[in-house]
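Below is one structure, written out as structure tokens; the observations come after it.
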Amino acid sequence: MRLIFHVDMDAFFASVEQRDHPELRGRPVIVGGGKKRGVVAAASYEVRKFGVHSAMPMVRALRKCPDAVVIKPRMSHYAAASKQLMAVLDNYSPLVEPLSLDEAFLDMTGTEKLFGTPLETAAALKRDIFEATDGLTCSVGIAPNKFLAKIASDLDKPDGVTFIRHGTERQTLAPMSIRKIWGVGKKTAKKLESRMLHTIGDIAEADFIKLAGIVGERSARHLKQLARGEDDRPVVADRERKSVGAETTLSEDIRGRQQIEKHLRAQCERVARELRKKNLRAESARVKLRYSRTFRLKTRQGPMPTAADDSRTLFETTRRLLDTLELDEPIRLVGAAAFDLIAEDDTVQLALFDGERKQNAKLEKTLDAIRDKFGDKIGRGSQ
Ligand SMILES: [Mg+2]
């Protein structure tokens, strides 16, 4: 049985605006384009009460709620918050599939030993997201598959967690509108409703031949499956967001900056080596520590001074990131990762980068070749 999470930020753009402009908290906020012809990109929960929702023409939205505060989208701020969100999700699963800036699927199968029960995990995840984004909330759906997880995250918004357990799929889905089914657009919905098929339960019970007569055989099979709560699509990790990382779970806890840096340096060397092997350079780096007592994983990330693939730059960047982490608590895992990756081909201009770094890269490439030949015993000595 798989365990899938769907994480969905609450009124994302609007919440970012309310976070950044405290005077907007508790007020009806619409993020969107021009007042005359624009559409609503996001609506705060306060304005949703008036019936305003995203994709609605702005004119109509303002008729429903004349007092709404309209804010022009600030995409770079949403993108930044999105990055923070995805970085947290990466801590919980190697299989994260973003659907948009503010939502993603996670395959959490087999993580119970690491994080606890699904509900405990969801609570920790929400806490980490709240912290990483400086106070944004999300809702989490937990289920045996993607379809149900996505439905679940919507059931207790905002700031909720809903777990659709195996065995309860059909009864949970039965009363819901067919419009909740992925792939059922307005047209199909109207067709089905005109034949007295209003709820997902109706679909589950409908005669297959009748259903196939309305939507065709293939869609009918698909609808029947979803109505039973079945969906075997895998969670597919997004390649573009990929990172190269290395980490070690330590056999004994360590503490203190010196020890942590020793392990961090080793991880950075592994990461840099992997980058060079793949002909990639990274524009950003991440450090992660897992604290033994609370089992919490903490990460910090930041830009590199320049796109690089050498361990010294990586280490200097991640070492600085340690400054904002607690280093005196016992730690059982140290990890480093490089992300915002660019292929070597895109970096011809980087021939201009400064001499020292170039030398580092050259030296390390030579060491790679030696290591590949003679195994991993060769080190580079402490600096
Ligand atoms: Mg959302």
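When THR121 is tested against (1) under 15 Å from HIS6 (Cβ atoms); (2) at pLDDT below 95; (3) of a type in the set (S, T, N, Q); (4) in contact with a helix residue (DSSP H, G or I) (Cβ under 9 Å, 6 or more places away or on another chain), just one condition goes unmet, and that condition is (2). Looking only at the range 1-28, which residues are aromatic (Phe, Trp, Tyr) and not in a helix (DSSP H, G or I)? The answer is PHE5, and nothing else. Screening LEU148 against (1) surrounded by 21 or more Cβ atoms within 10 Å (Cβ to Cβ); (2) in the same structural domain as ALA204 (by TED's automatic domain parsing) leaves a single unmet condition, (2). What about LEU62, is it surrounded by fewer than 17 Cβ atoms within 10 Å (Cβ to Cβ) and either of a type in the set (A, V, I, L, M, F, W, C) or within 11 Å of the chain's Cα centre (by Cα) (or both)? Taking the combined requirement at face value, the residue does not satisfy it. Restricting attention to the range 65-82 and to residues that are within 16 Å of the ligand (Cβ to nearest atom) and under 14 Å from MET9 (Cβ atoms), the residue that is surrounded by the fewest Cβ atoms within 10 Å (Cβ to Cβ) turns out to be ALA79. The condition of being away from the ligand (no atom under 14 Å from the Cβ) and outside any loop (DSSP other than H, G, I, E, B) holds for only one of VAL47, VAL31, that being VAL47. Residue check: ASP102 meets all listed conditions (1) more than 15 Å from the ligand (Cβ to nearest atom); (2) within 28 Å of VAL244 (Cβ to Cβ); (3) out of contact with any His (no Cβ under 9 Å at 6 or more places or on another chain); (4) among the charged types (D, E, K, R) but one, namely (1).
All told, ASP90 meets the bar of being surrounded by 20 or more Cβ atoms within 10 Å (Cβ to Cβ), in contact (Cβ under 8 Å) with a residue 60 or more places away in the chain and away from the ligand (no atom under 16 Å from the Cβ).
Condition check ((1) within 15 Å of the ligand (Cβ to nearest atom); (2) buried (at least 22 other Cβ atoms within 10 Å of the Cβ); (3) at positive phi; (4) in contact (Cβ under 8 Å) with a residue 60 or more places away in the chain) across all residues:
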position	(1), (2), (3), (4)
LEU85	yes, yes, no, yes
MET108	no, yes, no, yes
THR111	no, no, no, yes
GLY116	no, no, yes, no
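For SER54, the test of being assigned by TED's automatic domain parsing to the domain that holds LEU3, polar (S, T, N, Q) and either over 22 Å from the mean Cα position of the chain (by Cα) or part of a loop (DSSP other than H, G, I, E, B) (or both) is passed. Counting residues in the range 94-103 that are assigned by TED's automatic domain parsing to the domain that holds GLU46, more than 25 Å from GLY335 (Cβ to Cβ), small (Gly, Ala, Ser) and surrounded by 14 or more Cβ atoms within 10 Å (Cβ to Cβ) gives zero. Within this structure, ARG265 passes the test of being touching a Phe, Trp or Tyr at 6+ places or on another chain (Cβ under 9 Å), assigned to a helix (DSSP H, G or I) and of a type outside the set (A, V, I, L, M, F, W, C).
Residues in the range 313-336 that are crowded, with 18+ Cβ neighbours inside 10 Å and without any contact (Cβ under 8 Å) to a residue 60 or more places away in the chain: THR313, LEU314, PHE315, THR317, THR318, ARG319, LEU321. If you go through the range 1-28 and keep only what is among the β-branched types (Val, Ile, Thr) and within 12 Å of the ligand (Cβ to nearest atom), you end up with VAL7, VAL16. Of the helices (runs of 4 or more DSSP H) lying entirely inside the range 86-155, those containing at least 3 residues that are within 16 Å of the chain's Cα centre (by Cα) are 118-132, 146-153.
Does ALA174 qualify as being at negative phi, modelled with pLDDT of 95 or more and not assigned by TED's automatic domain parsing to the domain that holds ARG19? Answer is yes for this residue.
The values are calculated or read from the model by the stated rules, or taken from the named source; none is laboratory data. Bear in mind that the values here come from a model prediction, so they are computed numbers and not experimental data. Cβ atoms come from the backbone with ideal geometry, glycine included; neighbour counts cover every protein chain shown.
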